[in-house]
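All remarks here apply to the structure that follows.
Please treat every number below as a calculation from the coordinates, not as lab data. Note that the coordinates shown come from a computational prediction; the quantities given were computed from them, not determined experimentally. Note: ideal-geometry Cβ built from the backbone for every residue, glycine included; neighbour counts use all protein chains shown.
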Amino acid sequence: ADGFTAPEGYTVKIDESTGEITVTADESKLNKDTKEEFDVPVTVTYPDGSTDDAKAKFKLDTDGDGKPDT
């Protein structure tokens, strides 16, 4: 979304044709202070052309146990 800046250490890409959101972390920039949960603002467009603003929540699992570390 316009004006959105990903937290330090993350890159966020949105494929506007599919709506898929990809978040990647630069492991060299991750540390104990890295934000582990954040929202990405998105605009949802329905088949009838109407829209809604929403947030896609992302949570980081830094220790690999399958659960977000929040």
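If the segment from T11 to D65 were pulled out straight at 0.36 nm per residue, it would be longer than the present Cα-Cα gap by 17.2 nm.
Judged by the mean number of other Cβ atoms found within 10 Å, the most tightly packed of the peptides 45-53, 16-24 leads the ranking 16-24, 45-53. Taking amide H positions as modeled 1.01 Å from N, with prolines and chain starts lacking one, the residues under 5 Å from V40 and 5 or more places away or on another chain are A56, K57, F58.
Our estimate of slack between S28 and T45, defined as 0.36 nm per intervening residue step minus the Cα-Cα distance, is 2.5 nm. Within a straight-line Cα-Cα reach of under 19 Å, K57 can be paired with the following lysines, leaving aside sequence neighbours fewer than 8 residues apart in one chain: K13, K35, K67. Annotation for the chain: trypsin sites (Lys or Arg not before Pro) lying in DSSP loop with at most 15 further Cβ atoms inside 10 Å of their Cβ are K32, K35. Our summary gives the chain a relative contact order of 24 percent, counting only alpha carbon pairs under 8 angstrom and 6 or more residues apart. With the simple model of a label 7 Å out from the Cα in the direction of the Cβ, K35 to I21 spans 1.2 nm.
When the alpha-carbon atoms of the chain are used, the pair Rg, Dmax equals 14.0, 45 angstrom.
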